[in-house]
Every structure is written in C-alpha cells, then in structure tokens.
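Working notes, structure below.
The values are calculated or read from the model by the stated rules, or taken from the named source; none is laboratory data. This structure is a prediction, so every number in the text was calculated from the model and none was measured. Heads up, the Cβs are rebuilt from the backbone with ideal geometry, glycines too, and the neighbour counts pull from every protein chain shown. For accessibility, only protein heavy atoms count, side chains too; no ligands or nucleic acids. Shrake-Rupley method; radii C 1.70, N 1.55, O 1.52, S 1.80 Å.
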Amino acid sequence: MNNNPLISLFKEQLEHESAAVSSQYGLDKRGDFLIWWYFLRVLELSASDIAAIICDGGNDLGIDAIYIDDENYVHFYQFKNPEKLTSALPAGEVDKLLSGLQVILNRKYAQIAIAE
C-alpha cells in the first residue's frame, strides 16, 4: 500500500468534488459521480454531451462511456472509484471490458443487444 499523503489528499479532493457534481446534476449512483467529474473537469464536456456518451448499466459490456473526439477517435471508458484507497480493482472487471471490446470489434453486439 502506498502511504503517499498526496494520494490521500487527491482522493479526498476527488470525493469532495464528485459529491458537488452529484448534487449539481442530481446523480444518485456513486458510479456516476466519477464519470461526470471526469468528463466535466478533464474533457470539459457539457452535461448534455456527457449524458449522451454514458452507457453504464446492465449489459454495458464493461464499458461505462464511449466518446468520439473531434478527430473521430473512439475512446472507451471504464471507471472505478473505490471508497477506500486500499480497495483493488476486481480482475473480473478488466476481463469484462476486454471481452466487451472484442464483441464490439467483431461486430457481434447486435446478437447480444437488448432493446430498452
């Protein structure tokens, strides 16, 4: 475990800012807090743009957001914001993401897609 005080400070700041974002945009799922924080603060997207790129939820193939930038590069995102610094990312989450990307790249998503 890294005992670097800067990491603890960053985590505390991230939690504070994420809580503010959740309050401002009426988010109730902890998983959405980091997604919205990232796209608002790092990529400076609008709320409507963020809502359009989020695909987090059941049957999301391990992908929380898909963003196509101005140069037509496709970015696939998976976010994890554990409550504790000592929490590890479950290996299954990485496998799920890689499998989901394989499904998309092989154009087999229509076979498993569920209409909402």
Review point. Ordering 61, 105, 9, 14 from largest to smallest accessible area (1.4 angstrom probe), what's the sequence?
Key: 105, 9, 61, 14
**Study point:** trypsin sites (Lys or Arg not before Pro) restricted to DSSP loop in segment 1-83 with at most 14 other C-beta within 10 Å
**Key:** 29, 80
Review point. Short version: ³J(HN,Hα) in whole Hz for each residue of segment 74-80, in order, from phi by Karplus 6.51 cos²θ - 1.76 cosθ + 1.60 (θ = phi - 60°), x for Gly and Pro, what are they?
Key: 9, 10, 9, 10, 10, 10, 9
Review point. Can you list the residues, at least 5 places off or on another chain, whose amide H is less than 5 Å from the amide H of residue 65, using H built in the peptide plane?
Key: 55, 77
Study note, to complete from the structure: With all protein chains present, segment 7-50 has a carbon and sulfur share of its accessible area (1.4 Å probe) in percent of 54 percent
**Study point:** Sparse-neighbourhood loop sites, GluC sites (Glu not before Pro) in segment 1-81 - DSSP loop, at most 13 other Cβ within 10 angstrom
**Key:** 44, 71
Practice item. Determine the equivalent ellipsoid of segment 26-85 by diagonalising the alpha-carbon gyration tensor, then write out the semi-axes as square roots of 5 times the eigenvalues, largest first, rounded to whole Å. Key: 19, 14, 11
Review point. Of 10, 79, which has the most accessible area and how do the rest follow, probe 1.4 Å?
Key: 10, 79
Check your understanding: Straight-line reach from residue 80: which lysines have Cα under 19 Å away, leaving out those fewer than 8 places along the same chain?
Key -> 11, 29, 96
Practice item. Mind checking the full-extension length gain between residue 14 and residue 101? Use 0.36 nm per residue of separation minus the Cα-Cα distance, one decimal, nm. Key: 28.5 nm
